[in-house]
Amino acid sequence: MVLLRVKLAEGEVVMQEWFKEAKLGIFIHYGIYAVDGVAESWSFYNGRMTYEAYMKQLDGFTASKFGADKWADLIERSGAKYAVLTTKHHDGVALWDTQYSDLNVVKKTPAKRDLVKEYAEAVTKRGIRLGMYYSLIDWSHPDYPTVYEGGKVPDDLSKVNKFSSPDGGIQDEERWNKFLQFNNNQLREILTNYGKVDLLWFDGDWERSAKQWNLPEFKQYLQSFNPDIIINSRLQGYGDYKTPEQGIPITRPEGPWEFCTTINSSWGYVPSDHKYKSLNQIIRMFCDCITLGGNMLLDIGPMEDGTIDKRQEEILLGLGEWIRTHEEAVFGTVEGILTRYYLGGSTVSKDRKTLYLFVYDDPKENVCLKGLSNPIKKITVLHSGKELTHEIHGGVPWFNIPGTTWIHMTAEDAHKQVTVIKLEFDEELDMYGGSGAVVTHN
Ligand code: GLC
């Protein structure tokens, strides 16, 4: 297995190469919240419905058309290399047959199936990397609300939420330790009963401090099951990579990173949410992520019976089609050049002898590239193979200042979504930076 050492702000971590190569993952928010089509966990936490009404959804969760193979096929066709399923959200309802709580879909719902098992088998069988989302916080567990955030009793006790804090002002460390043991037990089940788990995706760390989560020991415990496991950043500074959410980063995050996003504006299945992003927008977002050296984790929210909304399915299929057509610009590439050279996205082949420009809009007559010092061997439109001509204006050769490259391209050459122009060079890409080559995003 190839390992790459990457320096992160929190300290040095070992990062699996597969994650950096993956580019696309599919996030799956599946849970009882799909029965009424309400926000996952937050709907009772924020008082939009009672806890009892929320939990009533257990009775309606059938997973009657759930077919992990269908999900895995779709994930594969989307071009994704990994998947992350919500094994347990903040509501505490486990999608597997946990021995440590009856609050699971096998014991408490008509589904009566270990969905994590079926998911893990289907995904692993296809060579898709296996990811498990696990909520550290559990708003149903009696021992969870026994200590305060950061361990300090807040001045105004009337403001604390009963699902996450002791409301009487008294902390109970013993019960908190019992809760930590509970998490450890559930995570051991996840990490040992379903084959090799490649990635753990935590959420909810914000309600407690690193000390309260027993870090770094907790991380060592997780790594004891699989030293190669990747852990996302939601672990109070102890994670392996950054997880910006819902807003594409403007500046490149340091180290490995992954942008997670919904297709409409909900993580789980909310039928009243019609605010869907278009396929074009999703492809552009994906291009933006890989331009900045990150992955995109695109979320779907299956319906209660396990089927996936057509609109979400179409986005995944459309993205997959685009990726397949433009595969060489996506996989085996690294982050692109700064937008001050080219006003769009880009990637660079690993040998740095090919530059791929993402053209988001239909050009009028040219695509403009500044600061390119290399002579161009060939320019083609990736999806059609059509060769493009170019001209160079300006430049001061005796000071090695390159001119501006104008690539002749019109709307007729464009792909219906995002066009990729491939530029080939004999030597490694060399972008003029005034005081030297600048090819990073910082
Ligand atoms: C946010 C939401 C949570 C969701 C997660 C996915 O933390 O609160 O419900 O699961 O994002 O990244």
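The values are calculated or read from the model by the stated rules, or taken from the named source; none is laboratory data. Model, not experiment: these values are computed from the prediction. Positions of Cβ are backbone-derived with ideal geometry, glycine not excepted, and every protein chain shown enters the neighbour counts. What goes into the accessible areas is simple: the full protein's heavy atoms, side chains included, and nothing from ligands, DNA or RNA. Shrake-Rupley method; radii C 1.70, N 1.55, O 1.52, S 1.80 Å.
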What does the highest-first list of 385-395, 345-355 look like by mean Cβ count within 10 Å? 345-355, 385-395
What angle, in degrees between 0 and 90 and rounded to the nearest 10, separates the Cα long axis of helix 173-193 from the longest principal axis of the Cα atoms of the chain? 60 degrees
Where the accessible area of the chain is counted over protein heavy atoms with a 1.4 Å probe, how much of it, in %, is carbon and sulfur? 50 percent
Compute, for the chain, the length of the dipole vector about the Cα centre, with Cβ point charges of +1 (Lys, Arg) and -1 (Asp, Glu) only. Units Debye, rounded to 20. 320 debye
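Take the residue pairs LYS81/LYS196; LYS20/LYS310; LYS81/LYS386 and return only those whose Cα atoms are more than 20 Å apart.
Details: LYS81/LYS196 15 Å; LYS20/LYS310 30 Å; LYS81/LYS386 30 Å.
From LYS81/LYS196; LYS20/LYS310; LYS81/LYS386, over 20 Å: LYS20/LYS310; LYS81/LYS386.
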Want the number for THR50 to GLU21: 0.36 nm per residue separation, take away the alpha-carbon distance, what's left? 6.1 nm
Efficiency of FRET between GLU254 and LYS350 - r from beta-carbon atoms, R0 22 angstrom, step 0.05: 0.55
Segment GLU173-THR410, extension gain: residue separation times 0.36 nm, minus the distance between their alpha carbons: 78.6 nm
Here the relative contact order (percent) of segment 333-424, from C-alpha pairs under 8 Å and at least 6 apart, is 33 percent
Given the chain, what percent of its DSSP beta bridges are antiparallel, to the nearest 5? 55 percent
Given axes a ≥ b ≥ c from the Cα gyration tensor, I'd like to know whether the chain is rounded (a/c under 1.5), prolate (a/b larger than b/c) or oblate. prolate
Scattering profile of segment 85-238 at q = 0.10, 0.19 Å⁻¹ [log10 I(q)/I(0), Debye over alpha-carbon scatterers]: -0.37, -1.19
Segments 367-374, 224-231 sorted - mean Cβ within 10 Å per residue, highest first: 367-374, 224-231
Candidate residues TYR221, TYR100: accessible-area rank, largest first, probe 1.4 Å: TYR100, TYR221
For the chain, what does the accessible surface come to per residue with a 1.4 Å probe? Please give it in Å². 43 Å²
Between 0 and 90°, nearest 10: helix 279-291 axis offset from the chain longest Cα axis: 80 degrees
